[in-house]
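Student: Questions regarding the structure given below will be posed in turn.
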Amino acid sequence: MPPLRPLLFLLLLAASGAAAAATHAVVFMYHRFGEDRYPSTSIRLEQFDAQLDHLAQNGFQVWPLERIVDHLARGAALPERTVALTVDDAYLSVHDAAWPRLRARGWPFTVFVNTDPVDQKLGGYMSWEQMRAMQAAGVRFANHGASHDSMTERRDDEDDAAWERRLRADIERAQQRLGEELGEEYARQAHLFAYPYGEYDTRAAALVQAMGYVGFGQQSGAVGPLSDRRALPRYPMAESFAALEPFARKAASLPLPVVSAEPWEPRVGADNPPPLVLTLERRLHGVACYDAAGKPLPITWLDETRMQVQAAEPLPAGRSRYNCTAPADGGRWYWYSHPWLVD
């Protein structure tokens, strides 16, 4: 890539009077649309319509996910208020409800496909034929594994080597099926991978990275230059937390400038509640952290840019998180989420 391209991009933005350049973006993640039987993973259509109207009416630019990833990797500028829309699992309501709405606006989006249910022609999933028609209209598809098995769980009597072989084969099988069904257009796309259930640990993330993929979780936050490409954040959207006011706040959010998180490993061991030490690029005022239920967490500043966060009580079994935010200019918020997995 020519070294002057980022500078040229900035000059073109200035010359065209476009929005100010930025180094961050926001990614949203959906599953189902208008499937009221599944409120934990489905968004009501009136909620989705309101969200799309908000983006359109407030100067947001909807970009393909891979274009955002490419710009961040090259250090190239993005337009201010850039967002990407992603969907996990390839449910039929993506084709029937989400696609017509997004196609009418000319907006791109990416579907992460777990391929086994599609191959098995399970009810409620899109078909390959439907996905090919969507791809021809500009929809992008990406790897979500074949089986949708959690990447953090070991089977009985499965050692690390056997576990890694199984996960690698699962990702490769999905990639092969996507390539076979979606052809050369799919093969030209960036290698993007979404962890099933948003669950990963250090070993799984290292495998995804070694296989050449950029990983995506389901932890909240904006993406920026400091974001870890092993597990980039996405804001999950579902019925119970898709109201317009919090959606607008998330769409306008900025990445909390976290240089490192210790431990990065999400799996909680003997230390429960787990301590988390975040090193920030610079000290921010008004930083506050919360647990998954929204309860404030105590913060101890270890020095000018290092802070420790730790819940007062052990985290419950399953998925959990620490969320940290800080006020930014213009009524916006810095945002960072650290996922935890408790056995």
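The values are calculated or read from the model by the stated rules, or taken from the named source; none is laboratory data. All values reported here derive from a predicted model rather than from experimental measurement. Cβ: placed from backbone, ideal geometry, glycine included. Neighbour counts: every protein chain shown.
Student: Give me the helices (runs of 4 or more DSSP H) completely within the range 80-196, filtered to those with at least 3 residues that are buried (at least 21 other Cβ atoms within 10 Å of the Cβ) and on the phi > 0 side of the Ramachandran plot, ordered by residue number.
Tutor: none
Student: Looking only at the range 324-340, how many residues end up being touching a Ser or Thr at 6+ places or on another chain (Cβ under 6 Å) and within 28 Å of residue 154 (Cα to Cα)?
Tutor: Number of matching residues: 2.
Student: Filtering the range 114-123 down to residues that are out of contact with any strand residue (DSSP E or B) (no Cβ under 6 Å at 6 or more places or on another chain) and not aliphatic (A, V, I, L, M), which residue is nearest to residue 89 (Cα to Cα)?
Tutor: Within the range 114-123, the match that is nearest to residue 89 (Cα to Cα) is 114.
Student: Okay, next question. State the number of residues belonging to the range 68-83 that are over 15 Å from the mean Cα position of the chain (by Cα), hydrophobic (A, V, I, L, M, F, W, C) and under 18 Å from residue 192 (Cα atoms).
Tutor: Residues that pass the stated criteria total 1.
Student: Identify all residues within the range 291-322 that are more than 23 Å from residue 343 (Cβ to Cβ) and crowded, with 17+ Cβ neighbours inside 10 Å; write none if there are none.
Tutor: 307
Student: Okay, next question. Hey, can you tell me all the residues within the range 220-253 that are of a type in the set (A, V, I, L, M), farther than 22 Å from residue 192 by Cα and touching a Phe, Trp or Tyr at 6+ places or on another chain (Cβ under 9 Å)? Step through it out loud before you land on a result.
Tutor: At the first step, the residues of the range 220-253 found to be of a type in the set (A, V, I, L, M) are 222-223, 226, 231-232, 237-238, 242-244, 248, 251-252.
Filter again for farther than 22 Å from residue 192 by Cα, leaving 238, 242-244, 248, 252.
Within the range 220-253, 238, 242, 252 qualify.
Student: (1) in a helix (DSSP H, G or I); (2) crowded, with 16+ Cβ neighbours inside 10 Å; (3) modelled with pLDDT under 95; (4) of a type outside the set (Phe, Trp, Tyr): which one isn't true of residue 240, the others all being true?
Tutor: It fails just one condition, (2).
Student: Search the range 271-294 for residues being touching a residue at least 12 places away in the same chain (Cβ under 8 Å) and of a type in the set (D, E, K, R), and hand back the single one that is nearest to residue 226 (Cα to Cα).
Tutor: My answer is 281.
Student: Does residue 287 satisfy the criteria of being assigned by TED's automatic domain parsing to the domain that holds residue 39, β-branched (Val, Ile, Thr) and either within 25 Å of residue 28 (Cβ to Cβ) or surrounded by 19 or more Cβ atoms within 10 Å (Cβ to Cβ) (or both)?
Tutor: On the way: assigned by TED's automatic domain parsing to the domain that holds residue 39: no; β-branched (Val, Ile, Thr): yes; either within 25 Å of residue 28 (Cβ to Cβ) or surrounded by 19 or more Cβ atoms within 10 Å (Cβ to Cβ) (or both): yes.
No, not satisfied.
Student: Do you know which of the residues in the range 33-53 that are of a type outside the set (Ser, Thr, Tyr) and loosely packed, with under 15 Cβ neighbours inside 10 Å is farthest from residue 238 (Cα to Cα)?
Tutor: Filtering first and then ranking leaves 53.
Student: Among (1) outside the structural domain of residue 327 (by TED's automatic domain parsing); (2) at pLDDT below 95; (3) among the small types (Gly, Ala, Ser), there is one condition residue 270 misses while meeting the rest; what is its number?
Tutor: Among (1) outside the structural domain of residue 327 (by TED's automatic domain parsing); (2) at pLDDT below 95; (3) among the small types (Gly, Ala, Ser), the lone unmet condition for residue 270 is (1).
Student: When you scan the range 264-343 for strands (runs of 3 or more DSSP E) that lie fully inside it, which ones turn up with 2 or more residues that are under 25 Å from residue 200 (Cα atoms) and over 24 Å from the mean Cα position of the chain (by Cα)?
Tutor: Fully inside the range 264-343 and qualifying: 306-310.
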